[in-house]
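This report concerns only the one structure given below.
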Amino acid sequence: MRKNLSYPVLVFLLTVATITFVTTPVFAVPGDEEHKDEPQKQTIIKKEVEKEPVVEVTPKEEPLEEYEFDLFITPTPLIKGEAEFTVKVETKSGIPVSDAVINGTVEMSSDMEDHGNMTSDPVGITFAPGSKPGEYLAAVDFDSVGTWMATIEISYPDGQSDSFSTELDITYDGANPYFLYSIMVIILASILYAQILKKKSGKGGRANVHTAS
Amino acid sequence: MCIQPVKEIQPAVIENKKKSKNLLDNKKIAAFLKSKWFPSIFQWIALIVFAVIIKETLWGPSSAHDNFGTAATWVIWWPLIPLIFLLLGRFWCGICPFATVSDLFQKWFGAHQPVPRFLKKYGIWLIDFFFILITWADHVYGIVESPRGSGYLLMIILTGVVVAAVLFERRTWCRYLCFLGGLSGNYARAGMLQLRATPEICKNCTTQACFKGGEKAPGCPMFEFPRTMDNMAKCNLCGHCIKNCSNDSIKLEVRPATKELWFIRKPKLEEAFLSVVIMGIVFVQNVTMLEFWPPLLKALENFIGTDSYYVTFTITFIIAMALPILALAGTALVSGKLAGDKLWSSFAKFGYAIIPLDLAGHLAHNLYHLLAEGLAVVYTAMALFGIKVNDYSPAILDHHTIQILQYILVVLGTLGSIYTAYRIAKSNYGEGSTWKAFIPYLILMVVLGIINMMLFYLPMAMRM
């Protein structure tokens, strides 16, 4: 008479599942631990154009315009794939600047290990005017996880220009690998246990006829 | 000589004995169902598509709008599933990729252990629990709107399927644990296809190959014995019994929708409970997609004093689940008193009458997603091959047309439920008590129908 091994089976599975979930951070994203307590930040860079040294202005000369710009990047957090850069340019008095010319480049950081020893040439990005005055949009494709350097150059209508650089951290957004490892462990453990059961009850044993309840 | 009148046979035992057309009398259909191509060809297609869905949900675009896996699962498959159940019973279960994976793993690694007793006894309650849990988790964690969430759910189900396959015999997961199996079992009972054996032929059979298996195919994977099978709740139309039966006892017949619900011999409380739970879930799904949901949520937050969505949604969820259950229990109490039956007996018998309205509500809700977002599947599939289309309209039909179709479905479902309740009353109670038992349920079905109509009257949000 075949033993009913259902309870040992269930205890075994529960034990494996418990050990797996306790010992692996199942739903943690790689790298999450470092930034666990940091609040989510949207990448915003606000910079005022440096003031020209104060020059005694004669009544006939007009002062240079002062500009401000903001950079927004979505999605947040930045993930591998397409991202959208939005630059908003306005004068210090709040008037949107519609005739600026904005260009930029993105390239992988010089730390090659960060990108699995891959390197890349700088990729040019061109901003096009958006739907709102003073807004400029560009789509950028980050094809690798890791740290990237974005450099933006702004040419204002009156001939002034400005540029800045910022580091961007592109994260992995695929399935959590720990979760998948846990799934594999459970499946492999159950396959292994099934082979043990098969050996105990006789190889290839077909189930007896059981009528359903 | 005094001739005694023949005793009238209990109506609950007799099904309508009108002869239905046996589809297996058609030689082409019979040949196809008996061939090696059935259901393999459908299974392999489903498995390939499933593999693509898994890959896309786990590693594809993280926006639901751009993800083929999400589109294929929640915009095409989920809306079409109730229609498949209505027309073809549990045929989807026969070609389900999880079942195919189960069969493969069992073939390579299976230990074929007997199904544990507690699963046989409490499996349906576990199914009820999983169904409620997954619906709750979907709303709280946003599974449907998240490709990763959808992928994780599929992987968790896959894990359960594989574990059940390698340890236990046949399709234990499908029969005793699959939450969708519980839903499909209920809907299949209202379906238009039935598989039965011919008792007169079966009584001479000595092999019972339909259950045990034979040279041509394994035995019934769903633990059913066609000879005594009197419902379509478990049959997944895999065709194994059709292939194995050398006596041509198996019949595949078309029947009126909901007919099986009229003559349930052994109504089960847990199955009736699942029927009414599904109604609650349809309410929840509808309410949370309506435009008045955010202000309703806000009002609830102010009332309770917390802005935690986990708390506010859980309360809403419990209320939405409880309302139809309490409504049915109240109706069962009244009906039972009028007809001389007990509360839970009446609950179990008439709970099945809600199934047509469940099916209609489910179809109507998902019809919106299918027809208002269906083209998203096409465009996201094109994106797999590098063809990106921006700013597309995913709609197949306009909102007004969809709304009219939803109304029609709800009306048909309500009428189906009313008629089913009447037939259940007629087959379970004597002539004097039929209407007494039926009237309370008539009122209940009308009220549920009106609530569903009101929910579909209000504008709905998109899924993608």
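A short reminder: the numbers here are calculations on the coordinates, not readings from a lab. Keep in mind that what you see is a predicted model, and the values were worked out from it rather than measured. So basically every Cβ, Gly included, is an ideal-geometry build from the backbone, and we count neighbours across all protein chains shown.
Scan the stretch B:148-200 for residues that are within 8 Å of chain A (Cβ to nearest Cβ) and touching a helix residue (DSSP H, G or I) at 6+ places or on another chain (Cβ under 6 Å) and jot them down. Across the stretch B:148-200, the qualifying residues are B:G151, B:M155, B:T159, B:V162, B:V163, B:V166, B:L167. Where helices (runs of 4 or more DSSP H) fall wholly inside the stretch B:340-419, no range has 3 or more residues that are under 30 Å from B:I439 (Cα atoms) and acidic (D, E). Filtered by the rule that a residue be in contact (Cβ under 8 Å) with a residue 12 or more places away in the chain and polar (S, T, N, Q), the stretch B:254-307 gives B:T258, B:S275, B:Q285, B:N286, B:T288. Residue count for the stretch B:239-263, restricted to those that are more than 17 Å from the chain's Cα centre (by Cα) and part of a loop (DSSP other than H, G, I, E, B): 9. Within the stretch A:181-196, is there a residue that is closer than 23 Å to B:S62 by Cα and not in a helix (DSSP H, G or I)? No; the residues of the stretch A:181-196 include none that is closer than 23 Å to B:S62 by Cα and not in a helix (DSSP H, G or I). The residue list B:Y422, B:Y441 contains one member that is touching a helix residue (DSSP H, G or I) at 6+ places or on another chain (Cβ under 7 Å), farther than 16 Å from B:K342 by Cα and of a type in the set (F, W, Y), which is B:Y422. Scanning the stretch B:133-180 for residues that are among the β-branched types (V, I, T), in a helix (DSSP H, G or I) and buried (at least 19 other Cβ atoms within 10 Å of the Cβ) returns B:T135, B:V161, B:V162, B:V163, B:V166, B:T172.
Of all the residues in the stretch B:205-222, those that are part of a helix (DSSP H, G or I), under 15 Å from B:L195 (Cα atoms) and within 11 Å of chain A (Cβ to nearest Cβ) number 1. Select from the stretch B:155-187 the residues that are more than 14 Å from the chain's Cα centre (by Cα) and farther than 26 Å from A:G202 by Cβ and list them in ascending order. Once the filter is applied, which keeps residues that are more than 14 Å from the chain's Cα centre (by Cα) and farther than 26 Å from A:G202 by Cβ, the stretch B:155-187 yields B:M155, B:I156, B:I157, B:L158, B:T159, B:G160. So is B:K120 more than 23 Å from B:L80 (Cα to Cα), more than 8 Å from chain A (Cβ to nearest Cβ) and not β-branched (V, I, T) or not? No; evaluated as a whole, the condition is false for this residue. Residues considered: B:L183, B:L195. Of these, the only one that is assigned to a helix (DSSP H, G or I) and touching a residue at least 12 places away in the same chain (Cβ under 8 Å) is B:L183.
Every listed requirement among (1) in contact with a Lys or Arg (Cβ under 8 Å, 6 or more places away or on another chain); (2) over 19 Å from B:S20 (Cα atoms) is met by B:L237 save one, (2).
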